[in-house]
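Peer 1: Let me begin by handing over the structure; questions about it come next.
The values are calculated or read from the model by the stated rules, or taken from the named source; none is laboratory data. Note that the coordinates shown come from a computational prediction; the quantities given were computed from them, not determined experimentally. Cβ atoms come from the backbone with ideal geometry, glycine included; neighbour counts cover every protein chain shown.
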Amino acid sequence: MTKKEIIILGDIEMGGGTLTDDFISDNTLTKLIYSLCNKNAPVDLVLNGDTFDFLKCPYIVNNAASYPRHITSEISLAKLRLIYQAHTKVFEALKRFAAEKKNKIYFIIGNHDPDLVHPEVQESIQSILESPENIFFSFYYNEQGIHAEHGHQYDFLNKVNEEHLFLNYKGQKILNIPWVSFGLISKFMLLKEQYPMLERITPRPAIFSNHKSVEKIITRQGLKYLLKCLVYYPIRYYYDPTYTFPRELVREFYRRWKHVHWDIDEIVTVFKKKRKTKLLRNKIYVFGHIHKCYTEQNGKVTIIHPDTWREEYFMDIQTRLLTTKSKKYVSIQVEHDLSLNWKLVSIPIQRSTFHFDDVIRDEKKYVCLAAQEEGAERVFT
């Protein structure tokens, strides 16, 4: 009989039910969670970062949506309420799972849900799920020779300072998020609202080659934002810590602008270089952040990327048809002799096939169509 089962999945990115909410597979996820409630052995459910997409969730006051830079606990709680309303069935499934006291839920903090470091947000989630004693929040999961973390700490542009999670601004405690995240919520969310589906499609080089206008907009706005951060914002917003520009990013930003490379770099290579000794401590490492499926076995060490749960598509270069990605998770059986048996489980998603040319003519239409197939709705803000 199995001593414990550990289920790891990440990059769900539940948002506020608006056009910028990239998660619609509520039915598939709730079905998985409910199936875990019937296990005889204890289950650790590890939600490995970016469970919520606070970053792209708007803050709505008096029916007006915005993306504030100065993220207080009040703003984070307002966003959480929006996420809860959009994905209530997932929260209900998690509540049922956590009601079994032998089960535990671990919310690993990622770059899209840094708001989870607010104690008030943690307490609110524990209250919603009604099981504060077996719900945990951390940057890492380390149990039974298994290490799981989101992976953004090995991404130059998205890593956070774990020793300084907050900034003080005008007497308020606000989130200290990466410079790139400040840029996203300040300058690029309007683009996301205008083109809500484009960045869900891979391969990116082929997408941009077929959508030159958007490529030019992103490149132009990125360069403009960089220049303002270097010469204008530090003077205009001298007393605002969210406009402090990390000088070491200049070379990195130039490299990405030159090669039109706005994707995430490989994080496994960086992890191996920085954590050589840690590789000897555990048998299985599970990461997220990079939205692709990847496994590597080297001697006694296994590294796994189970891919994302948000709605993403792969475009066939020849036919230009878009196919929905399957959803994957890692299942690890911990036996009584502490041996580990793991498998990568794939859940196929049955969805209509869209043509790329149709999508780029009206992205909002096809975002809504895909959501409707799952019984969800998308709200225009």
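Peer 1: From the list 380, 314, exactly one residue is modelled with pLDDT under 90, aromatic (Phe, Trp, Tyr) and farther than 30 Å from residue 40 by Cα. Which is it?
Peer 2: Values: 314 fails: modelled with pLDDT under 90.
Checking each option against the conditions leaves just 380.
Peer 1: So which residues in the stretch 87-96 are more than 20 Å from the chain's Cα centre (by Cα) and either crowded, with 24+ Cβ neighbours inside 10 Å or free of Cβ contacts under 8 Å to residues at least 40 places away in the same chain (or both), if there are any at all?
Peer 2: 95, the sole residue that qualifies.
Peer 1: Yes or no: the stretch 194-210 includes at least one residue that is assigned to a loop (DSSP other than H, G, I, E, B) and aromatic (Phe, Trp, Tyr).
Peer 2: Yes; the residues of the stretch 194-210 include at least one that is assigned to a loop (DSSP other than H, G, I, E, B) and aromatic (Phe, Trp, Tyr).
Peer 1: Could I ask something else about it? Can you tell me which of (1) over 19 Å from residue 328 (Cα atoms); (2) in a helix (DSSP H, G or I); (3) touching a residue at least 12 places away in the same chain (Cβ under 8 Å); (4) of a type outside the set (Gly, Ala, Ser) is the one residue 102 doesn't meet?
Peer 2: (2)
Peer 1: Of the residues that make up the stretch 196-203, is at least one basic (Lys, Arg) and more than 20 Å from residue 152 (Cα to Cα)?
Peer 2: For the stretch 196-203, residues basic (Lys, Arg) and more than 20 Å from residue 152 (Cα to Cα): absent.
Results for (1) aliphatic (A, V, I, L, M); (2) buried (at least 20 other Cβ atoms within 10 Å of the Cβ), shown as yes or no for each residue.
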| site | (1), (2) |
| --- | --- |
| 21 | no, yes |
| 49 | no, yes |
| 66 | no, no |
| 71 | yes, yes |
| 107 | no, yes |
| 118 | no, yes |
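Peer 1: I need every pair where a residue in the stretch 179-198 that is more than 20 Å from residue 361 (Cα to Cα) has its Cβ under 7 Å from the Cβ of a residue that is among the aliphatic types (A, V, I, L, M) and in a helix (DSSP H, G or I), sequence separation at least 6 or different chains.
Peer 2: Between residues of the stretch 179-198 that are more than 20 Å from residue 361 (Cα to Cα) and residues that are among the aliphatic types (A, V, I, L, M) and in a helix (DSSP H, G or I), the close pairs are 179/249.
Peer 1: Only one of 249, 227, 223 is aliphatic (A, V, I, L, M), out of contact with any Asp or Glu (no Cβ under 6 Å at 6 or more places or on another chain) and modelled with pLDDT of 85 or more. Can you tell me which?
Peer 2: None of the other options fit; the residue is 227.
Peer 1: Still on this structure, I have one more. Name every residue in the stretch 329-355 that is hydroxyl-bearing (Ser, Thr, Tyr) and under 12 Å from residue 304 (Cβ atoms), in order of residue number. Break it down stepwise before answering.
Peer 2: Start the filter on the stretch 329-355 by keeping residues that are hydroxyl-bearing (Ser, Thr, Tyr), which leaves 329, 331, 339, 346, 352-353.
If the condition is that a residue be hydroxyl-bearing (Ser, Thr, Tyr) and under 12 Å from residue 304 (Cβ atoms), then 329, 331 are the ones that fit.
Peer 1: Test each condition in (1) out of contact with any Leu (no Cβ under 8 Å at 6 or more places or on another chain); (2) in a helix (DSSP H, G or I); (3) surrounded by 22 or more Cβ atoms within 10 Å (Cβ to Cβ) for residue 78 and report the one that comes out false.
Peer 2: Failing condition for residue 78: (3).
Peer 1: Find the residue count for the stretch 304-321, including only residues that are more than 19 Å from the chain's Cα centre (by Cα) and at negative phi.
Peer 2: 6
Peer 1: Can you tell me which residue is surrounded by the most Cβ atoms within 10 Å (Cβ to Cβ) among those in the stretch 321-377 that are part of a strand (DSSP E or B) and polar (S, T, N, Q)?
Peer 2: It comes out as 324.
Peer 1: Could you list, in sequence order, all residues of the stretch 9-38 that are outside any loop (DSSP other than H, G, I, E, B), over 21 Å from residue 190 (Cα atoms) and over 14 Å from the mean Cα position of the chain (by Cα)?
Peer 2: 26, 27, 28, 29, 30, 31, 32, 33, 34, 35, 36
Peer 1: Here's a follow-up. Suppose we filter the stretch 47-68 for residues that are under 14 Å from the mean Cα position of the chain (by Cα) and touching a residue at least 60 places away in the same chain (Cβ under 8 Å); how many remain?
Peer 2: Step one: filter the stretch 47-68 for residues under 14 Å from the mean Cα position of the chain (by Cα), giving 47-57.
Applying the additional criterion that residues be touching a residue at least 60 places away in the same chain (Cβ under 8 Å) yields 47-56.
So the answer is 10.
Peer 1: A follow-up question, please. Kindly evaluate residue 351 against the criterion of being within 20 Å of residue 196 (Cα to Cα), at pLDDT 90 or above and out of contact with any Phe, Trp or Tyr (no Cβ under 6 Å at 6 or more places or on another chain).
Peer 2: Judged against the criteria, residue 351 is not a match.
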